[in-house]
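Single-structure report; data block below.
Rule-based calculations on the coordinates, nothing more; no lab input. What you are looking at is a predicted structure, and each value in this text was computed from that prediction instead of being measured. Positions of Cβ are generated from backbone atoms using ideal geometry, with glycine treated the same way; all protein chains shown enter the neighbour counts.
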Amino acid sequence: MTRRLLDRTIGTGLLMTVAVLSGVVFLERTTVAQNPGQQLISDAAAAMGGRDRIMAVKTLIVEGGGHDFQVDQEYAYDEIGSQFLVYQLRDYKRAYDLVNGRARFEQVREAQSTIFNGEAPQRTVQGLDGEIAFNVGANGNATRVFQEDGRRVEYLRHPLTLVRAGLDPTATLSNVRTQGTERLVDLKIGAILLTVAFDASTKLPARVVQLVDNAALGDRPNEMRWSDYRLVNGLQLPTLLTWKVGRWTAGQIRILRQTIDADVGNLAAPAAVASASRPPPPPPPPSTVREIAKGIWAAEGTTHKSFIVEMSDHLLLVDAPNVERTVAAFARAKDVRPNKPITKLIMGHNHGDHTGGIRAAVAMGVNEIFAHRNNLTLLDEIFTNPHTLNPDMYSKTNPKRPKITAIDDEGVIKDGMNTVNLYLLLESSHSNNQLLIYYANARMVTVADVYMPNDPRVMIAGEPFGHQPWIQNVLANLRYRKLQVDTLAPVHGDVEPFSRFMEEAIFLTAKPPDADR
């Protein structure tokens, strides 16, 4: 009798302890405890509608719209400045096949700033089929992309998919803690590590965070926050999605419709996509250097140039766009002046594609950085944020932190070899901290982004001679500063004579309309 009673308890999650005293059977009922992480997930599942209801869902369709901002292209490095370049998101639709781990993400993204006039709305369709990530082009053809972990993280940025993943016995839950009004747990799924926060009162999932490496800013949190939960077919689901990158809000979606167990169609990757092999890595980009004025060289090879300026006992580097280009510029500097090290750097402005090589430059010998005062907070974070995900040269060599020379309206770097004047680019909608760099001896000017002559990236549909929205502002600044200019040497595009720049300024183009005649 006792054996049969114990057998009936197997699989119930209960342990029946049996004692026989004087012919009387006593049963002690105890519960097998969950670990704290499992308890958080179980409580969240219960708050959303129950584990059984969550696991019974086969498909989910989410539809809505909203907006996002251009990350790392801020007008200013602050919350308001980060929201300057805004894009409308429409036809937002996400279809999930939860049984097979498949998804299809669709949206149309259109720039709202007038500086992007001429650019067509961009429709994107992304797919995920298990470990296979792919994109679908406008012609309907699918192409495999080897970004499966990133696409899987995107799949998990919804409470339903995330809680289901947390309930899976293969998931690892650890480091449960309290932060303000939230309970947090680290969730590891394969190689993916996420931190999930739950509202301590409602138990509902509040947000998910992934740390992502950034060359300049290190271990940067990417966060998706869920709010305005509503009941949908027996499940509590959020109707407002807000995401952040680092410290700044990066976008928001209002969910208008959520449909459970509807037909999502066939979300499987096409056979040709599933069988596609990983392409070989691209060859390293070329790295060349040429003298464009006495004692001034352009380090070229990609869309981003750096400039090397000779001073009496050292070299000055203008722009450190990324690690690869910065390392290449240092190598080319040794080619042209092997006995003069690069020890000074001019930071042109705050955008991510012009700051990614700053830490590498300091690791290789830069001991002073010239930057506009509005970039002091950014520079402080560049040198203090942890880089544990991908330790870089600066982390490994641990050099002395460089001197930061802050520029207000203007400044000058001068010795017996060269004079470089630095001016704040006034009234520019591109950035509130951009420097106009004037090499006085050569009567030459460098700017980034706001003048891109003959750059194919600005030759867009409807503007065959190029989109050039800031060129009149550049001209106005040159006139205001009363600079005598013979040559423009922009970070992007061709080095050009001032006469050609003036023709482009008349037409607001990246090359004169008669250039091909």
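Results, tabulated for the structure shown:
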quantity: Neighbour-limited loop hits for GluC sites (Glu not before Pro), the range 369-468 (at most 11 other Cβ within 10 Å; DSSP other than H, G, I, E, B); calculated: 427
quantity: Under Karplus coefficients 6.51, -1.76 and 1.60, residue-wise ³J(HN,Hα) of the range 348-365 in Hz, glycine/proline x; calculated: x, 6, 8, 5, x, 7, 10, 10, x, x, 4, 5, 5, 4, 5, 4, 9, x
quantity: HN-Hα J in Hz across the range 498-513 - Karplus 6.51, -1.76, 1.60, θ = phi - 60°, x for Gly and Pro; calculated: 4, 4, 5, 4, 5, 5, 5, 5, 5, 8, 6, 10, 8, 7, x, x
quantity: For the range 179-233, convex hull of alpha carbons as volume per residue, Å³; calculated: 116
quantity: Peptides 453-460, 477-484 ordered by average Cβ neighbours within 10 Å, highest first; calculated: 453-460, 477-484
quantity: For 80, 192, 253, order by how many other beta-carbon atoms lie within 10 Å, fewest first; calculated: 80, 192, 253
quantity: Alpha-carbon centroid distance for the pair the range 320-357 / the range 384-449, whole angstrom; calculated: 11
quantity: Relative contact order for the range 163-252, counting Cα pairs under 8 Å that sit 6 or more residues apart, in percent; calculated: 14
quantity: For the chain: relative contact order, % (alpha-carbon pairs under 8 angstrom, 6 or more apart); calculated: 11
quantity: Relative contact order for the range 251-358, counting Cα pairs under 8 Å that sit 6 or more residues apart, in percent; calculated: 19
quantity: Segments 461-473, 349-361, 282-294 sorted - mean Cβ within 10 Å per residue, highest first; calculated: 349-361, 461-473, 282-294
quantity: Between 0 and 90°, nearest 10: helix 36-48 axis offset from the chain longest Cα axis; calculated: 80
quantity: Set of lysines with alpha-carbon distance to residue 305 below 21 Å, sequence-local pairs under 8 removed; calculated: 294, 334, 340, 344, 511
quantity: Three-way shape call for the range 237-279 based on the alpha-carbon gyration tensor, with the a/c threshold at 1.5; calculated: oblate
quantity: Ellipticity estimate at 222 nm from DSSP helix runs (n ≥ 4, -39,500 (n - 2.57)) divided over the chain, nearest 500; calculated: -5500 deg cm²/dmol
quantity: Cβ-based net charge around residue 426, under 13 Å, with every Lys or Arg adding one and every Asp or Glu removing one; calculated: -2
quantity: Charged-residue dipole, Cβ positions (Lys, Arg, Asp, Glu), the chain about Cα centre, Debye nearest 20; calculated: 1340
quantity: Charge dipole of the range 288-507 about the Cα centre (unit charges at C-beta), most positive-ward option of 390, 436, 426; calculated: 390
